[in-house]
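First comes the structure, then the notes that go with it.
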Amino acid sequence: MEDHNRKFKTYGRRDIDRIPQLSRLSAEELLTMKAVSAVLPFRVNNYVVEDLIDWSDVPNDPIYQLTFPQEQMLDAGDLARIRDLIHEGKEEPLIQEEARRIQEKLNPHPAGQVDLNVPMSKGERLPGIQHKYRETVLFFPSQGQTCHAYCTYCFRWAQFVGLDDLKFAAREAAGLVEYLQNHRQVTDVLITGGDPLVMKTSVLRRYIEPLLHPSLDHVQNIRIGSKAPAYWPYRFLTDRDAEDLLRLFSEVRAAGKQLALMAHISHPRELAPTVAETAIRRVIDAGATVRCQSPLIRHVNDNSMAWAEMWRNQVRLGAVPYYMFVERDTGAKNYFEVPLARAWKIFRRAYRQTSGLCRTVRGPSMSAAPGKVLIEGITRVGGEEVFVLKFAQGRDPSWVDHIFFAKYDPKATWLSDLRPALGEREFFFEREMRQMRRLLAPSSSSSPPDSSFG
Ligand SMILES: *Cc1c(COP(=O)(O)O)cnc(C)c1O
Ligand code: SF4
């Protein structure tokens, strides 16, 4: 129901006993939940708990799976050890120590994020900036490194549990502006996090206004990656500075640029409430555009009906379906992963049952170290069954749109599982990728060669 004065209230791992809806769980189940949330980030809010989750369908409910820790997310031995520590009432530092040990095993920094994408200036890393694809710079404002709720599958989980020693977080916008002034080929700035819309509008403004300056006229699109339309639509409706946020979006448009809200929408239910629809409409009415993307996640959205329904509703609201991602190789990956072959089948089945307006979506896409690799199809070439793959984005722009083939493998879940087909010895990009690694990350040359793409 619409609630015009809804106050934002969050629950973290220490509040598990205070979430009334969890009283249906047994003491054992609650202990397990506490154990998993000591390792993987946990945060929900009152809107997610009260309006999005169907508690009569727990634990299978997709939004419950999206936000609440599940037993099978950890290895059974790891889970048992941390459960015991909590059960025995051990002190927090001991629990944390065990949690760290488990976290380190969960590949906290996938796809060369740290080594390859952080630009250098005068021999120093530029904090808060990642620049992988020529046209688009990622910016991580220091105050936007949390979210209205956490997704259990988030590939940025390491920064929420304090495991990210690099902290992709900028102290201020000045470094970003200087970087952009020196990189005139950049057309897009993608402000990301966490969720930048956890910031007050007055803070967000400090990052966005400088980008509107005439000296940055090559920056045409300002994108904000956010899950607020799903997790807290009141951000655009009734929060104290909601109107000011929409005004800021209008100012971007008035300056001749596009403000694109890159909305993370994982399940059709997230767009069903009237408040969510209204949020999307208000953003568009303010002169911004909305593009929607999400990973494909087992237990959450691994069926074609969910995707077709999402895309249709996005288009109906004036939003644009953008990417379906493959879940990255990090965190509770084993729990969520969907084989590439199955991902492609789900994509295709959903794609076929929508109108052309929905077919702006691309996927399934793997954000791997060399680039965004699309699974275009599964077919036979010269009697050999193959995956047809294509770069949607490449670390080397000349790779973009290049078609290549991998041996069909029904179990493969990531690019690193794939092998070249048709008698090739390696993929066409691997040689250059090795050179880039040597140039960009000499310090990581000690890592094993077969981790050369991930
Ligand atoms: C996905 C991504 C982008 C944006 O790519 P688009 O295809 O333009 O949406 C930019 N930088 C990185 C590192 C990315 O993973
Ligand atoms: S909203 Fe985005 S950044 Fe936040 S937890 Fe979910 S996937 Fe991660």
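The lone criterion from (1) away from ligand 2 (no atom under 16 Å from the Cβ); (2) touching a helix residue (DSSP H, G or I) at 6+ places or on another chain (Cβ under 9 Å) left unmet by K122 is number (2).
Residues are listed down the side, and each one gets a yes or a no for (1) modelled with pLDDT under 95; (2) more than 16 Å from ligand 1 (Cβ to nearest atom):
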position: V386; (1), (2): no, yes
position: G394; (1), (2): no, no
position: R431; (1), (2): no, yes
position: S445; (1), (2): yes, yes
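Considering D329, D302, the condition of being crowded, with 19+ Cβ neighbours inside 10 Å and either charged (D, E, K, R) or within 16 Å of ligand 2 (Cβ to nearest atom) (or both) is satisfied by D329 alone.
The residue that is nearest to Y234 (Cα to Cα), among those in the stretch 134-159 that are surrounded by fewer than 21 Cβ atoms within 10 Å (Cβ to Cβ) and within 12 Å of ligand 1 (Cβ to nearest atom), is T136.
Checking each residue in the stretch 312-333 for being within 16 Å of ligand 1 (Cβ to nearest atom) and under 22 Å from M366 (Cα atoms) picks out V320, P321, Y322, Y323, M324, F325, V326, E327, R328, D329, T330. Give the residues of the stretch 222-248 that are in contact with an Asp or Glu (Cβ under 6 Å, 6 or more places away or on another chain) and surrounded by fewer than 17 Cβ atoms within 10 Å (Cβ to Cβ), sorted by residue number. Correct list: empty.
Consider E104 carefully, then state whether it is at pLDDT below 95 and either farther than 23 Å from A149 by Cβ or within 16 Å of ligand 1 (Cβ to nearest atom) (or both). Spelling it out, E104 is indeed at pLDDT below 95 and either farther than 23 Å from A149 by Cβ or within 16 Å of ligand 1 (Cβ to nearest atom) (or both). Close contacts from the stretch 74-86, counting a first residue that is within 11 Å of L31 (Cα to Cα) and touching a residue at least 24 places away in the same chain (Cβ under 8 Å) and a second that is outside any loop (DSSP other than H, G, I, E, B) and small (G, A, S), with Cβ to Cβ under 6 Å and a gap of 6+ residues or different chains, come to L79/A35; I82/A35; I82/A38; R83/A35; I86/A35. Scan the stretch 232-254 and tell me whether some residue there is touching a residue at least 24 places away in the same chain (Cβ under 8 Å), in contact with a strand residue (DSSP E or B) (Cβ under 6 Å, 6 or more places away or on another chain), assigned to a loop (DSSP other than H, G, I, E, B) and more than 16 Å from ligand 1 (Cβ to nearest atom). Looking through the stretch 232-254, none of the residues is touching a residue at least 24 places away in the same chain (Cβ under 8 Å), in contact with a strand residue (DSSP E or B) (Cβ under 6 Å, 6 or more places away or on another chain), assigned to a loop (DSSP other than H, G, I, E, B) and more than 16 Å from ligand 1 (Cβ to nearest atom).
The values are calculated or read from the model by the stated rules, or taken from the named source; none is laboratory data. If you're wondering where the values come from, they're calculated on a predicted model, not measured in any experiment. Quick reminder, even Gly has a Cβ in these numbers, built from the backbone with ideal geometry, and neighbours come from all protein chains shown.
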